[in-house]
Amino acid sequence: MKFASSYEPNQYEADIYGAWEAAGIFDPKLTTKPIDSDGDGVDDRLESDPSTDRQEGENPRTFSIVMPPPNANGNLHIGHGLTVALEDSLTRYYRLRGASSWYIPGADHAGFETWVVYERNLEAKGHTRFEFDRDELYARVWDFVAEQRGSMELQLRALGASCSWGDLTFTLDENVIDRVYTTFEKMWNDGLIYRGEKLVNFCPKHQTAFADIEVEHKDEKGTLWDIEYKLVDGFATSLIVSTTRPETLFGDMAVAVNPEDKRYKDLIGKHVKLPLTDRTIPIVADEHADPEYGTGAVKITPAHDFDDFEVGERHSLPRLQVISEDGHMINVPEEYEGLTTAECRKKVLKDLKHQGLLKGEKKIIHSVAHCYKCGTVLEPMLKEQWFIDVEKLAKTAIAHLEAGDIKFHPANKQKVLINYLKNLKDWNISRQIPWGIAIPMFRKVDGSATDEPEWIFDRRTNLKEIEKGGVKYVRDEDTFDTWFSSSHWPIVCTNWVEENYNPYYPLNVMETGADILFAWVARMIMMGLYVTGEVPFKEVYLHGLVLDSKGQKMSKSKGNVINPMELVAKYGSDAFRLGILRGRSAGMNQAFSEQSVVSGRNLCNKLWNISRLIQSFVDENGEKESKDSISKHGAGADSHFDNGRGRESGTEIPGRVRPTRCKNDDREPTAVGDEQTESLLSVSRRRPAVFKSTLRNTTFDSYTTENMGEDWICRELNDCLSQVEDDMKNYRFSEAVETLYSTIWDKYADWFLESQKIFKNIPLLKQTLETILIALHPFAPFVTEAIWQNLSWTKGFIAVAKWPARLNFDPISAENFENIRTIVSEVRATLQALPGTNNAKKYGLLFDNDSLMQDNQMLIKILTKVPTVNALNGAPRGLRLALANHELYLDVPAKVVEDYKDSLTKHILAVGRELDGLNLRMMNPNYVEKAPAHLVLETKQQIAEKEKLISRLKAQLSLI
RNA sequence: GGGUCGCUAGCUCAGUUGGCUAGAGCGCUUCGUUUACACCGAAGAGGUCAGGAGUUCGAGCCUCUUGCGACCCACCA
């Protein structure tokens, strides 16, 4: 026997992935040919109406999905593991359903993240970024990334991601930069881009600005100081202002009070002397000042506070920057110049106290902005940056969202996103780090012609200086926020171009983490609509965080990080995928434990053994069957994958599949390597062609069902398929896995296979096994393929098999098997409850006047494992089983029956309680009148059944 | 301040438009090595569905309310 007694994933996974990849089955451009049903030589897709082409129905012709690009030089973490499990299950499912499926992998240059790592590296070697210019740094980081690159791609393969590797998109690929520049130029021309001096969140350590979204707010203890600002112009009074940042008083341009605040009404328009300086500043009226807070008077520092900036704008106040980018005081009186902000705060407080101007302090909790990477307190900094005016973009996006153009999973995220977009502020896209896409803007050199615009767009960002029309311009040294480029992801991955119908855009679904709904999904939607006029994807599936087994967030500092690759190595890729999908629903942060992976591993092993048993039945079936099979399928024995099981050779290591294309003998030649494909490949980056798979396989022998168990399993498998199809349509991965798990284990193995140990309907065994293998393949690709390759009769790759058709069966017979199951369970339970052990071997089963029992004696005997099943032929004896519709007895001695009395009494009471409940319901006239008729009828039947059961149990009891 | 989510068995979670006795995995108890599988088989215990009120013939599900917990956005001089 070629199947080992347990499934060892490590023996198969790498080889199987290699074989898939070599066969090119993950690339829709290689495995498919044009759909040309009308025979006019043109792909129907390209001539059909796009709106009707992407049908909503069960079987889309194309399925496209992009991978949220993992960091090119990093390792995958548990979240990537979940992402791949979700995306790949979808991809494989739709591939089996016959869609031309394109899962496009990516790699992220991870602008800021990578830069932080690189800079740390640089500093460790005693260098700083300031020793190099941007181009040098860019080249150095490029090399750094190139060195580290590749491991995540191997890890994606280990997870079984069936993505089209030839289409891998790196976020710094030329076509990406091209597309980003095109968009930027369009926005520039449309007036959506502006350069503004605004306050930005600036990290003094990393020396770069962030978008609002990247800022992390944390509650912290702080101090609120009251400082006295004295009025000038001969007034004797003074104002007390409250502040948490006394050092910024040098940048104060006004003191604001609320216009409604009676206390200060007369002071509006007067001036105060700014302490520690010679300056005087005005008192202005502004809503921003809250009369309830502190003293109701607030100092205004437009250059160092977001609110003050706005107050400053309203009152046309000048802005004075008093903190430099590296966190030192500038533009301040000499004795403070050059101090750090912390030193300056100390000195200011001391000097104020000395002058008697410090009037009080109290401890408060307030939220403070931090760098999400290093935790440094961010400094609001006045800087010139590029901004996108998001108003129109957001409005368009909201309109499409409200129209329901994108379906969300979970659904509530649609509302959340709309709410976010409604309050969206302009987007700062400038970053002061060299690792990223250069902003293609050039500034006129001072002294040049004055009537030229100050800034011009130009793609030649490789040049520091350019000349246009005799005017010299220098390059802006900033790079784009990575979200600006990655908001183009669906566009660039699918090679969308203007004026060309692209069957893969919009994507069928965007799957990503719920935590980047705003940062990424929102921006992809805005950008997709702006660039293509269409939403970039039809549906969004958001996954939550994977928490540790105690529900805690994983973090290095807590030491509770689970490495997906360790689990894959220990239990296999399939086990990991099954484990992480189980018990998880869209958008929820949910715990994850190794235990669920163990359970996945067990299922794989179960499936392996199911297949092993069936193969042994097939082998046993002997010569005749093998001859039949040869005449039907042609010489099935000479395939590339055949490893000689059941035949002569038997020398090869089990499961060592050779990397080769496909074992389909009658396949049409795959396009790999031929001229047509070469030319196809070369144009494919521009315009993807749509093809239909040629790699379909699998022809079933016909079968006839010969007992109730066979009809029943057909029905159960059909139900399972419907359930899985419905679950996949609605992105209920956990439920799909759960359904498959229980169908395979609790139904197929525990009931059907047990019964087949005597009946052995070989054609049906083959077909049903293929059904469960294919249905599970999207979730457990490796073990199903390993089995497929080891079975003697299967062809090709399961990865490109046809989704199973419904099985034919007799529904009455299938339903009757439920009776058999009830009987068998009751026999087992009763035997278990009887005193003594090994009861199943001791007592036979007797039936009276029962055709179901008569016809299925053999089936009942093997399932219950009792030694005999016989007709009663005479007076009842032994123990009557608690079954309403069948008169069955366990042939036990009177003494044993006596001992069983107690549990029988208990049983009668339990049934009695159920009966009471049912009767109560029927006595309610409203129920009888208003509930649907079929429910009322059902209740009536149940009452009748329970009554029958109770009277029989009572009769049994009285006999004892 | 605005918004979202959660509370169901010891643990982690399902429960799709309200409808039979509320489910699964793991854990637990008992029995069992029967020629696929101990990564196994059989049987079983365990739940006032966070509390309260309402709508309904009927509520885990709908409405209101209270409590506890998590998260996001904005603000916090």
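To the nearest Å, what is the center-to-center distance of the range A:883-960 and the range A:361-430, using C-alpha atoms only? Cα centroid of the range A:883-960 versus Cα centroid of the range A:361-430: 63 Å apart. Remark on A:Leu545: its backbone amide H falls under 5 Å from those of A:Asn589, A:Gln590, a criterion applied only to residues 5 or more positions apart or on other chains, H modelled at 1.01 Å from N. The slack in the chain from A:Asp190 to A:Lys221, taken as 0.36 nm per residue of separation less the alpha-carbon distance, amounts to 6.6 nm.
Only alpha carbons enter this Debye calculation for the range A:398-495, each as an equal point scatterer, and the log10 of I(q)/I(0) it gives at q = 0.11, 0.13, 0.20 Å⁻¹ is -0.55, -0.68, -1.02. Modelled spin labels at A:Asp810 and A:Gln941, positioned 7 Å past Cα toward Cβ, are 2.1 nm from each other.
Using heavy atoms of the protein chains and a probe of 1.4 Å, the accessible area assigned to A:Arg140 is about 100 Å². Inter-label distance, A:Ser557 to A:Asn885: 6.4 nm, where each label sits 7 Å from its Cα along the C-beta direction. The 3J(HN,Hα) values that the Karplus relation (6.51, -1.76, 1.60; θ = phi - 60°) gives for the range A:587-594 are, in residue order, x, 9, 7, 9, 5, 9, 9, 4 Hz. Gly and Pro appear as x. When the charge dipole of chain A is built from unit charges on Cβ atoms (+1 for Lys and Arg, -1 for Asp and Glu) and taken about the Cα centre, the candidate among A:Gln942, A:Val255, A:Ser555 whose Cα reaches farthest toward its positive end is A:Gln942.
Couplings 3J(HN,Hα) for the range A:157-165, derived from phi with the Karplus relation 6.51 cos²θ - 1.76 cosθ + 1.60 (θ = phi - 60°), are 5, 4, 7, x, 4, 8, 9, 8, 5 Hz, where x marks Gly and Pro.
To the nearest 10, the accessible area of A:Cys163 is 0 Å² with a 1.4 Å probe.
Taking the C-alpha atoms only, the angle from helix A:933-959 to the longest principal axis of chain A is near 50 degrees. Given +1 at the Cβ of Lys and Arg, -1 at the Cβ of Asp and Glu and no other charges, the dipole of the range A:208-338 around its Cα centre is 660 debye to the nearest 20. Restricting the calculation to alpha carbons of the range A:139-257 gives Rg and Dmax of 25.8, 81 angstrom. Share of carbon and sulfur in the accessible area of chain A stands at 49%, probe radius 1.4 Å. Based on protein heavy atoms only, the range A:96-149 ends up with 45 Å² per residue of surface accessible to a 1.4 Å probe.
Could you tell me which of rounded, prolate or oblate describes the range A:228-273, using a ≥ b ≥ c as the square roots of the eigenvalues of the alpha-carbon gyration tensor, with rounded for a/c under 1.5 and, failing that, prolate when a/b is larger than b/c and oblate otherwise? Since a/c reaches 1.5 but b/c is at least a/b, the shape of the range A:228-273 is classed as oblate.
Restricting the trypsin sites (Lys or Arg not before Pro) of the range A:233-294 to loop positions (DSSP other than H, G, I, E, B) with no more than 16 neighbouring Cβ atoms within 10 Å leaves A:Arg279.
Once every Cα of chain A carries one equal point scatterer and solvent is ignored, give the base-10 log of I(q)/I(0) from the Debye formula at q = 0.05 Å⁻¹, two decimals. Ignoring solvent entirely, the Cα scatterers give -0.46. Ordering A:Ile614, A:His400, A:Thr450 by Cα displacement along the dipole of chain A toward the positive end leaves A:Ile614 in first place; charges were set at the Cβ atoms of Lys, Arg (+1) and Asp, Glu (-1).
Which entries of A:Lys230/A:Lys350; A:Lys373/A:Lys550; A:Lys766/A:Lys802; A:Lys413/A:Lys729; A:Lys729/A:Lys760; A:Lys2/A:Lys760 have Cα-Cα distances beyond 24 Å here? Among A:Lys230/A:Lys350; A:Lys373/A:Lys550; A:Lys766/A:Lys802; A:Lys413/A:Lys729; A:Lys729/A:Lys760; A:Lys2/A:Lys760, the Cα-Cα distance tops 24 Å for A:Lys373/A:Lys550; A:Lys729/A:Lys760.
Taking amide H positions as modeled 1.01 Å from N, with prolines and chain starts lacking one, the residues under 5 Å from A:Ile240 and 5 or more places away or on another chain are A:Tyr229. Over the range A:291-421, the reciprocal of the mean inverse Cα-Cα separation, the Kirkwood hydrodynamic radius, stands at 19.1 Å. Proximity of backbone amide H atoms, modeled 1.01 Å from N, is registered between A:Ala871 and A:Phe847 at under 5 Å, excluding neighbours fewer than 5 places apart on the same chain.
Mind checking the angle between helix A:78-96 and chain A's longest principal axis? C-alpha axes, 0 to 90 degrees, to the nearest 10. The helix A:78-96 is inclined about 50 degrees to chain A. Taking the charge dipole of the range A:73-220 about its Cα centre, with +1 at Lys and Arg Cβ atoms and -1 at Asp and Glu Cβ atoms, the residue from A:Leu199, A:Ile104, A:Val141 reaching farthest to the positive side is A:Ile104. Using Cβ point charges alone (K and R +1, D and E -1), the dipole size of the range A:804-866 about the Cα centre works out to roughly 440 debye.
Provide the per residue accessible area, probe 1.4 Å, for the range A:704-826, rounded to a whole number of square angstrom.
I get 28 Å² per residue for this part.
With an 8 Å cut-off on Cα pairs and a minimum separation of 6 or more residues, tell me the relative contact order of the range A:214-268 in percent. About 24 percent, as a whole number. Cross-linked pairs A:Lys273/A:Lys383; A:Lys757/A:Lys865; A:Lys198/A:Lys464; A:Lys383/A:Lys468; A:Lys383/A:Lys425; A:Lys265/A:Lys346: Cα-Cα separations exceed 23 Å for A:Lys273/A:Lys383; A:Lys198/A:Lys464; A:Lys383/A:Lys468; A:Lys265/A:Lys346.
3J(HN,Hα) along the range A:265-270: 3, 6, 8, 4, x, 6 Hz, from the Karplus curve 6.51 cos²θ - 1.76 cosθ + 1.60 with θ = phi - 60°, whole Hz, x for Gly and Pro.
Around A:Leu915, under 12 Å between beta carbons, what's the net of Lys plus Arg minus Asp minus Glu among the other residues? That sum, taken over residues with Cβ under 12 Å, equals 0.
Ignoring lysines fewer than eight residues from A:Lys954 along the same chain, the ones with Cα atoms less than 20 angstrom from its Cα are A:Lys895, A:Lys901, A:Lys906, A:Lys946. Here chain A is treated with +1 on each Lys and Arg Cβ and -1 on each Asp and Glu Cβ, and its dipole about the Cα centre works out to around 3020 debye. The angle between the Cα long axis of helix A:901-923 and the main principal axis of chain A comes to about 60°, on a 0 to 90 degree scale. The alpha carbon centroids of the range A:60-97 and the range A:135-168 are separated by 16 Å. Compute the separation of the alpha-carbon centres of the range A:808-851 and the range A:262-288 and state it in Å as a whole number. Each part reduced to its Cα centre gives a spacing of 93 Å.
The values are calculated or read from the model by the stated rules, or taken from the named source; none is laboratory data. What you see is a predicted model; the values in this text were computed from it and never measured. We place every Cβ from the backbone using ideal geometry, glycine too, and count neighbours over all the protein chains shown. Just the protein is used for accessible areas: all its heavy atoms, side chains included, with ligands, DNA and RNA removed. Shrake-Rupley method; radii C 1.70, N 1.55, O 1.52, S 1.80 Å.
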